[in-house]
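Trainee: This is the structure I have questions about; it appears just below.
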């Protein structure tokens, strides 16, 4: 008999641990560009911080995924949270002491990105071992609710804390990682299936992950669609922060604007089960792709500080359903012994160009203004929509219930 998801104690612990971690991340990630802008006044350097964090995550995802399939997944998650807590505590103390510098900020961004490259595959592999296949769509939806709820609370908290004391958001993030650590320590179930330990040599095991992804039509299609979408949205949200800041909006106001946008995402997570029942996965992905391109294109015509919030909020309504669909299909179709590597490969290739998003946005804003940045990213999203419509891997998706539990 399958235990209802809300009564699965280990799922609740895993969910809570990541919720606390996400809350801290949402608090500090708004403060990162605000701190750099305060230190240097340069949108380009502020974008460089986001680029550094994303770049190291992308570069390490494949080898990290292979190590997640080889090492103890519980210990990996614990080590990542301890490392991130220490890094953000040091940054907070440096800011409080007036000795924070760009090299230190970049170092913390690098450590955060590296830890994320290990934690993400370990977390997903743990989820696959805690939740049965039939419940994966619902579990993926709950994961989206967790992420958006944390992002909804994180930015206003980060903006408010930054306004009170520049060091406060980074110390709060350090505390959140320690709280997450406690939740992870309480998970009881094994996070790897018996008999599926990784025995391949390290380099061949990485190639196995790449080969598996390439053999799956849907995952192969995602490797074209996702990079276009991800680089565009990374750039759009960075341009959004800089645009508000350049219009004189205070940090708390920027956090509040992000809260409104994330409210659309949070509402979308509650609508996700209904959307998934009404729209086949292929139709959902195509609809979201075209809607995203149209909404970001509309930002070119929007004038005023806060008006840019509305198109982004509408965009966020459908994004959780798409994210949950991708996660559920990936978890359901991947054997446990390959979970880390497949997540690493997908993370690396789907985010391969994401580090360019904030950097490109900062360059376009400095060179030509915010409208050029939004227009360029709308073109990228249009290309993603064309591919989603034409892709055989997306057009031929089967219902997840028809997939064999591996």
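Trainee: For the chain, modelled as a Gaussian network with Cα springs under 10 Å, which listed residue fluctuates most, 233, 343, 102?
Mentor: Among 233, 343, 102, the largest mean-square fluctuation in the Gaussian network model of the chain belongs to 102.
Trainee: Further question on the same structure: If packing is taken as the mean number of other Cβ atoms within 10 Å per residue, what is the order of 4-15, 87-98, highest first?
Mentor: 87-98, 4-15
Trainee: Another question, then. In what sequence, highest mean first, do 17-29, 321-333, 209-221 appear when ranked by Cβ atoms within 10 angstrom?
Mentor: Output ranking for 17-29, 321-333, 209-221: 17-29, 321-333, 209-221.
Trainee: For the stretch 138-159 and the stretch 284-327, what is the separation of their C-alpha centers, rounded to whole Å?
Mentor: Taking the Cα centre of each part, the stretch 138-159 and the stretch 284-327 sit 17 Å apart.
Trainee: Please report, in whole Å, how far the alpha carbons of the stretch 139-194 spread along each principal axis, starting with the longest.
Mentor: Extents along the principal axes: 50, 24, 12 Å.
Trainee: Given the C-alpha atoms of the stretch 171-325, compute the convex hull and give its volume per residue in Å³.
Mentor: It comes to 194 Å³ per residue, whole-number rounded.
Rule-based calculations on the coordinates, nothing more; no lab input. The model shown is predicted, which means the values in this text are computed figures rather than measured ones. We place every Cβ from the backbone using ideal geometry, glycine too, and count neighbours over all the protein chains shown.
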